[in-house]
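Structure first, then comments.
The values are calculated or read from the model by the stated rules, or taken from the named source; none is laboratory data. Nothing here was measured: the structure is a model prediction, and the numbers come from that model. For neighbour counting, all protein chains shown are included, and Cβ atoms are generated from backbone atoms with ideal geometry for every residue, glycine included.
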Amino acid sequence: MVEMKKGISRRSVLAGIAGGSAVAMAGITGFPGILKAQEKSLKIGAYGGYFKDSFDKHIFPEFTKATGIAVESVAQPTGEAWLVQIEQAARAGKAPTDISMISQGMMQRGAAANLWAKLDAAKMPNVANVMPAYINKYADGSLCGVGAVTWYITLVSNTDVIKEAPTSWAELWKPERAEQLGLLALVSNSFLLDVTAKTHFGGQDILDTEEGISQVMDKLAEVKKNVQLWYRDEAQFEQALKSGEIPMGQYYHDVAGLAAADGHPVRSTFPKEGGINDSGSWAVSGKSEKIEMAHEFIDFMSQPEIQALLSRKVGTSPTVPRAKTDLTDAEFASVSSEIEPIIPRYDMYLQRADWLSQKWTELIVS
Amino acid sequence: MKIKPGKFSDYAAIGFPAGMLTVFFVIPFGIMIAMSFFQRVQGAFYEPAFVFENYARFLSTFFAGILGFSVGLAALVAVVSVLLAFPFTYILTRMARQTQVVWLVFLLSVLSLSEVLIGFGWSTLLSRTAGITNLLVSLGIMDKPMSLSPSFGAVMTGMVYQTFPYTVLVLYPALSRLDPSLVEAARTLGSGPARSFLNVVVPALRNSIVSTLIMVFVFALGCYLLPQLLGKPSHWTLSVLITDQAIYQSNMPFAAAMAVFLVLVSLSLVAISLLYGKKENAG
Amino acid sequence: MSGLVFDSIVKKFGDFTAVHETSLTIPQGKFVCLLGPSGCGKTTLLRMIAGLEDPTTGRILLEGNDVTRIPTHQRDFGMVFQNLALFPHLSVGENIAYPLRIRGGSKADCFKAVKRLLDLVQLPDMADRPVARLSGGQKQRVAIARALALEPKLFLLDEPLSALDAKLRESMQIELKQLQQKLGITTIVVTHDQREAMTMADLVVVMSQGKVHQVAPPVEIYRKPKDAFVADFIGSTNLISGRVSAAGKIAVAGGTLLADDLPKSGDVTLSVRPENIRLTKENGENSLGTLTGDVSYIRDLGASIEFYLNVAGQQITAITTPSDRPDVVAGDSVSVAFPKDACVVLGDA
């Protein structure tokens, strides 16, 4: 099994909260990696903590070996703060990094502000391997981002408390789950609207209209009495899940797998409606002067071998079809599933952001 | 020619604190106020503008309820904290010097714990699987362990735990300066120890108590992690929602508007209690 | 036994003994001063009476009843503290009424009592004033009025006048004495000021280093000090050492002095107050009780004149009034007469 640090928030979702943004900023600007005395180099941002550490250890050295381009890695938060940094640096004509790992919501937000450099697919033959769902484009169809890593949020449960593995997201609504669930606290990171739509309304199309979303929310409101913890902090839920305090909920498939491998009574199940598939993309800052090398990097990262390496070493799901990789069944199962995933309606989360967050807060707070 | 002596150094002396105040309070607060009138651009960032919609959105019964809860929670935390810390500090100041130092170092170390650590600690202590109820069960006081968190009681416990050392340290100077002969005088005049504490020590330090209450109140009002870690969503404070808006919804203008409102509400509450205190002193 | 009795009281603070074994009786209705330098244990003694300190061993009896273990608030003794300890949050009237209010006294009773006590301390119509707006002397009177509100069995005062300026202090001393005489209450005052003790006390208890040296009326303390400490602490004196040579005679450097109450033999110390020494111009006579010396310096203070003498190698001070001034100048040889009744034989300190 891949070695991983536990207790560290994988995607640094908490970075903005736990340390306060000052700490997050220090992480961004305070300690740039040591640059090797090589002529060709790239500054690459990765989610601080576990991701960056794994990339530094297993992935970036491979890239340097293959291309001779040195990598200076920068820890970045997943949240808004990083985008604000890029945006403000861009106004000053600078780029804090050449390439960053950007979540889907932020990709679109950045695209709206024209922050990303347009990429040329012709210079990156391997990008053709990447599944279309993980390709980001500007409104005019030009390429602005390529899937970097992808992961699943699944239905997790404590094997001591819940003997039989659940098979469907519908499990969340069952009366016997009263005060047993831990769910992510925010509309934009729990993706529970997508889950509810897929489970109870036959698909995500109902999320096209406000009336439809309201219907989904009403259905979701029925879950409230089952929820013991609405969490923002991954570690808090993970601990409660392991101990059986909160025996069921939604959580990251890969981390749950690691906990199980460590002997904790935890299982992660891909429900028949599919796991929630979220991803981060590589995007090049529009102000970067190293666009050629950036293309080289993204091309390198899109190779099936490298995606397989990521699955093995970092625990992410490949952005290329499984068939192109040499992952064994067991390796693939530890990071992904053949069941068709629920891909969040990022467009909805973006376009109706304020309305959604207001309704959502009212839904769970009241 | 005569030079006015001390003129320049006088200005220099007030210049430093004035500068610090400007840099660390006036400017950030000014930026926040300006930001609160900016136009939010959904799906992107915000644009400089002068619009009231951020405030308009806040003026709803929903947010009024949250604000009321936040203020009430902070007030309750302040009252409970002072109720516990005042007698504690009084007893502490009457202990041997060395004992006091040990306690103060201990309290300082509690104060150095981060909110995250306190939240996690208490959520474990109050959990069904590893919490104190297990102890009560083994002592035969309870039938089976139960989960005490998340709940309002858990939020209160965590927040009071966090503010208690702070409260003690704020009260300590006033209580250790308190003339011990005041209590002795009360005793010679016929007051037992408890009574002289209540009708001499407490009223003699009324002003310290009020200012401590205000400080703890403001401190508790800014607390946004413990309500998340130890409370149900209905116990989330306005600070939690401000954080959500700023960090997760990237709605800086709305977050700023809520923050400005929170600052104004707490300032006016502080002003009211100070005015009331003044009146009481005069009367 | 009537009055306040200390029965073998000892008070230790850790290894430090603040009050050595003391037995003492303070008669009912007297004005008593505990007098001594700072750190002599007088305040500790007073605080033990009030119950603010517990004696390490021994008993305190009042009118024959053991009060040693009775808590302070049940003793009903009025006490005035050195810093007065007026309650800053209460007005003058509320301060004075405090002991009555906590005993459930009605508003009307308190009002009457406050008026009576304020009249007693000559501060009428001050009841509503905040204590912060009183002068030092006024605060003093309020503290006294408050301590007397309960008509206590004992009235205790710890250096009550030390914060006042000299002139006010003197008038307050007299006032306090008159007040005590009017009320007839047993009063114990701690002071380090011997003039204050002389002014007010019926009985002075002289203490140093945790020990009681002498208990006597002020005049007796002055005239018949029991030991060198008392003789020196109360006023100024000449200490002369010698040896008993025969009945009523002491051989000292330069001659022989006479005194009463002498031991049969051995070394003794005499105390002779400067104003009792008689100076005359040297006339060759060297009788018993008279020694020869030189005038080294004369200090004329107007109301009195001090002569600094060298008598057989010892410094002796003599004081006269201007009308009795002998006709001598510095450098003169003089006859120094020590009258028999002025030579007080001291015991061991």
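Here are the numbers for this structure:
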read-out: Those residues of segment C:134-152 which are in a loop (DSSP other than H, G, I, E, B), away from chain B (no Cβ under 12 Å) and touching a residue at least 40 places away in the same chain (Cβ under 8 Å), in sequence order; value: C:Leu134
read-out: Filter result for B:Tyr172 (farther than 30 Å from C:Pro99 by Cα, within 29 Å of the chain's Cα centre (by Cα) and either among the acidic types (Asp, Glu) or more than 14 Å from chain C (Cβ to nearest Cβ) (or both)); value: no
read-out: Hey, C:Thr199 touching a Phe, Trp or Tyr at 6+ places or on another chain (Cβ under 8 Å) and either polar (S, T, N, Q) or free of Cβ contacts under 8 Å to residues at least 24 places away in the same chain (or both) or not; value: no
read-out: Where a residue in segment A:111-139 is within 18 Å of A:Arg322 (Cβ to Cβ) and its partner, wherever it lies, is polar (S, T, N, Q) and assigned to a loop (DSSP other than H, G, I, E, B), with Cβ under 6 Å and at least six apart; value: A:Asn126/A:Ser302; A:Asn126/A:Gln303; A:Val127/A:Ser302; A:Asn129/A:Ser302; A:Val130/A:Ser302; A:Val130/A:Thr319; A:Tyr134/A:Thr319
read-out: Scan of segment B:187-217 for residues that are at pLDDT below 90 and of a type in the set (Lys, Arg), ordered by number; value: B:Arg206
read-out: Selection from segment B:107-128 of residues that are crowded, with 19+ Cβ neighbours inside 10 Å and over 23 Å from B:Thr167 (Cβ atoms); value: B:Ser127, B:Arg128
read-out: Cross-chain or 6+ apart pairs with Cβ under 7 Å, segment C:210-224 first and at negative phi and touching a residue at least 12 places away in the same chain (Cβ under 8 Å), then buried (at least 18 other Cβ atoms within 10 Å of the Cβ) and in a helix (DSSP H, G or I); value: C:His213/C:Phe229; C:His213/C:Val230; C:Gln214/C:Ile221; C:Gln214/C:Val230; C:Pro218/C:Ala197; C:Pro218/C:Met198; C:Ile221/C:Val230
read-out: Any hit, segment A:300-308, residues being over 25 Å from A:Ser337 (Cβ atoms), touching a residue at least 24 places away in the same chain (Cβ under 8 Å), hydrophobic (A, V, I, L, M, F, W, C) and in the same structural domain as A:Trp116 (by TED's automatic domain parsing); value: yes
read-out: Flag for C:Val114 being in contact with a helix residue (DSSP H, G or I) (Cβ under 7 Å, 6 or more places away or on another chain), within 21 Å of B:Pro180 (Cβ to Cβ) and among the aliphatic types (A, V, I, L, M); value: no
read-out: Every residue from segment B:51-69 that is in contact (Cβ under 8 Å) with a residue 12 or more places away in the chain and either within 14 Å of chain A (Cβ to nearest Cβ) or crowded, with 18+ Cβ neighbours inside 10 Å (or both); value: B:Val51, B:Glu53, B:Asn54, B:Arg57, B:Phe58, B:Phe63, B:Ile66, B:Leu67, B:Phe69
read-out: Residues of segment A:215-248 classified as under 20 Å from B:Thr124 (Cβ atoms) and within 14 Å of chain B (Cβ to nearest Cβ), total; value: 21
read-out: Tally of residues being more than 14 Å from chain A (Cβ to nearest Cβ) and either of a type outside the set (Gly, Ala, Ser) or touching a Ser or Thr at 6+ places or on another chain (Cβ under 8 Å) (or both) across segment B:124-143; value: 7
read-out: Unique match (being without any contact (Cβ under 8 Å) to a residue 12 or more places away in the chain and within 14 Å of chain A (Cβ to nearest Cβ)) among B:Gly121, B:Gly158, B:Gly72; value: B:Gly121
read-out: Hits in segment C:89-110 - residues which are in contact with a helix residue (DSSP H, G or I) (Cβ under 8 Å, 6 or more places away or on another chain) and farther than 21 Å from B:Gly192 by Cβ; value: C:Ser91, C:Val92, C:Gly93, C:Asp109
read-out: Enumerated helices (runs of 4 or more DSSP H) restricted to segment B:199-283, each holding at least 1 residues that are polar (S, T, N, Q) and more than 14 Å from chain A (Cβ to nearest Cβ); value: B:206-221, B:252-282
read-out: Residue list for segment C:61-87, restricted to those being facing chain B (nearest Cβ under 7 Å) and over 21 Å from B:Gly192 (Cβ atoms); value: C:Asn83
read-out: Residue match in segment C:252-259 (condition: without any contact (Cβ under 8 Å) to a residue 12 or more places away in the chain and either farther than 23 Å from C:Pro160 by Cβ or of a type outside the set (A, V, I, L, M) (or both)); value: no
read-out: Lone qualifier among A:Asp218, A:Asp194 - being of a type outside the set (Ser, Thr, Tyr), assigned by TED's automatic domain parsing to the domain that holds A:Leu356, in a helix (DSSP H, G or I) and free of Cβ contacts under 8 Å to residues at least 60 places away in the same chain; value: A:Asp218
read-out: Subset of segment C:112-133 (residues that are surrounded by fewer than 19 Cβ atoms within 10 Å (Cβ to Cβ) and either out of contact with any Gly (no Cβ under 8 Å at 6 or more places or on another chain) or touching a residue at least 40 places away in the same chain (Cβ under 8 Å) (or both)); value: C:Lys112, C:Lys115, C:Arg116, C:Asp119, C:Leu120, C:Gln122, C:Pro124, C:Asp125, C:Arg129, C:Pro130, C:Ala132, C:Arg133
read-out: Single condition A:Ala283 does not satisfy, out of (1) out of contact with any His (no Cβ under 9 Å at 6 or more places or on another chain); (2) small (Gly, Ala, Ser); (3) surrounded by 23 or more Cβ atoms within 10 Å (Cβ to Cβ); (4) in the same structural domain as A:Glu171 (by TED's automatic domain parsing); value: (4)
read-out: Segment A:84-95, residues that are in contact (Cβ under 8 Å) with a residue 40 or more places away in the chain and either in the same structural domain as A:Ser188 (by TED's automatic domain parsing) or under 22 Å from B:Glu47 (Cβ atoms) (or both); value: A:Gln85, A:Ile86, A:Ala89, A:Ala90, A:Gly93, A:Lys94
read-out: Any hit, segment A:183-197, residues being closer than 21 Å to B:Thr129 by Cα, surrounded by 20 or more Cβ atoms within 10 Å (Cβ to Cβ) and either touching a helix residue (DSSP H, G or I) at 6+ places or on another chain (Cβ under 7 Å) or more than 14 Å from every other protein chain (Cβ to nearest Cβ) (or both); value: yes
read-out: Verdict on C:Ile174 being at pLDDT 90 or above, of a type in the set (Val, Ile, Thr), farther than 25 Å from C:Arg103 by Cα and surrounded by fewer than 23 Cβ atoms within 10 Å (Cβ to Cβ); value: yes
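Table: residues versus (1) in contact with a strand residue (DSSP E or B) (Cβ under 6 Å, 6 or more places away or on another chain); (2) over 29 Å from C:Leu150 (Cα atoms).
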| site | (1), (2) |
| --- | --- |
| B:Pro173 | no, yes |
| B:Glu184 | no, no |
| B:Thr188 | yes, no |
| B:Ser191 | no, no |
| B:Leu198 | no, no |
| B:Met215 | no, yes |
